[in-house]
1. How many residues, within the range 12-21, are among the basic types (K, R) and surrounded by 10 or more Cβ atoms within 10 Å (Cβ to Cβ)?
2. Exactly one condition in (1) without any contact (Cβ under 8 Å) to a residue 12 or more places away in the chain; (2) buried (at least 17 other Cβ atoms within 10 Å of the Cβ) is not met by L74; state its number.
3. From F87, F179, F193, which residue is over 19 Å from D59 (Cα atoms), out of contact with any Ser or Thr (no Cβ under 6 Å at 6 or more places or on another chain), of a type in the set (F, W, Y) and at pLDDT below 55?
4. Among the candidates R115, R131, which residue alone is basic (K, R), exposed (fewer than 13 other Cβ atoms within 10 Å of the Cβ) and either over 18 Å from R77 (Cα atoms) or at pLDDT below 85 (or both)?
5. Condition (residue is among the polar types (S, T, N, Q), touching a strand residue (DSSP E or B) at 6+ places or on another chain (Cβ under 8 Å) and free of Cβ contacts under 8 Å to residues at least 12 places away in the same chain) applied to the range 43-56: is it met by at least one residue?
6. So which residues in the range 23-59 are of a type in the set (K, R) and surrounded by fewer than 10 Cβ atoms within 10 Å (Cβ to Cβ), if there are any at all?
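The values are calculated or read from the model by the stated rules, or taken from the named source; none is laboratory data. Keep in mind that this is a model prediction, so the values were computed, not measured. Here the Cβ is made from the backbone with ideal geometry for all residues, glycine too, and neighbour counts use every protein chain on show.
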Amino acid sequence: MNRIDFNGKRISDQNERFRSTKICKELTLKHGLYVSSGKENVKRKQLREPDATKYRIYDALCKHVPQSKSWQELHNRLRTEGIELGFKTKGSTDQIEGVRFTMNNLSFNGSKADRQFSYSKIDYALRQNNRAEQQSLPPVQQAQHRPDHHESSTIGDSIGSLFDMPILPNGTDPEEEAFRKRMQRKKKKGIRF
């Protein structure tokens with residue numbers, strides 16, 4: 001379709017999107033079609049390679065990620081199903097950038113199996129699983145030091161408040177953690193003009 005009018009001006013195509021959406025909705029209603037909400041309804045027996053392998057990896061990840069608490073545990077569980085787990089590093093450094101799953105000589109990025117299985121999302125899920133397990137364990141009671149009668153109450157109060165600062169289990173300060181997250185978000189956004 002020509003989008004230049006007789007005066008040499010460009011004709012706006014802003015309504016094309018709305019027309020296309022309207023036509024798609026009409027076809028969907030006319031033929032009784034619908035968009036599936038997830039991968040659960042896919043007929044896996046009818047799939048050919050490489051999609052069949054991709055869905056086997058997806059099913060194994062759905063099964064084992066919620067049960068695993070570390071990368072090593074996930075690696076061992078996936079190996080029992082014939083899936084090898086590997087990491088993609090950033091350049092020549094040791095910084096992990098992504099995850100790859102290999103099965104039947106076919107290799108897929110984590111996000112190719114499904115968006116929820118990228119390296120960062122699996123890592124977050126494993127940390128959450130580990131944290132949930134640690135919180136379910138009963139806390140260890142520590143003996144508290146009781147000051148003697150001859151100690152000054154003001155010194156005891158000030159020293160006691162020093163140790164009452166909240167510290168996360170991994171030894172970081174919550175304020176420091178919040179600052180680090182803000183800086184990461186800024187870094188992700190990049191410089192805007």
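1. Result for the range 12-21: 1.
2. If we test L74 against (1) without any contact (Cβ under 8 Å) to a residue 12 or more places away in the chain; (2) buried (at least 17 other Cβ atoms within 10 Å of the Cβ), just (1) comes out false.
3. That would be F193, the only listed residue that is over 19 Å from D59 (Cα atoms), out of contact with any Ser or Thr (no Cβ under 6 Å at 6 or more places or on another chain), of a type in the set (F, W, Y) and at pLDDT below 55.
4. One residue alone meets the criteria, R115.
5. No.
6. Result: K30, K43, K45, R48.
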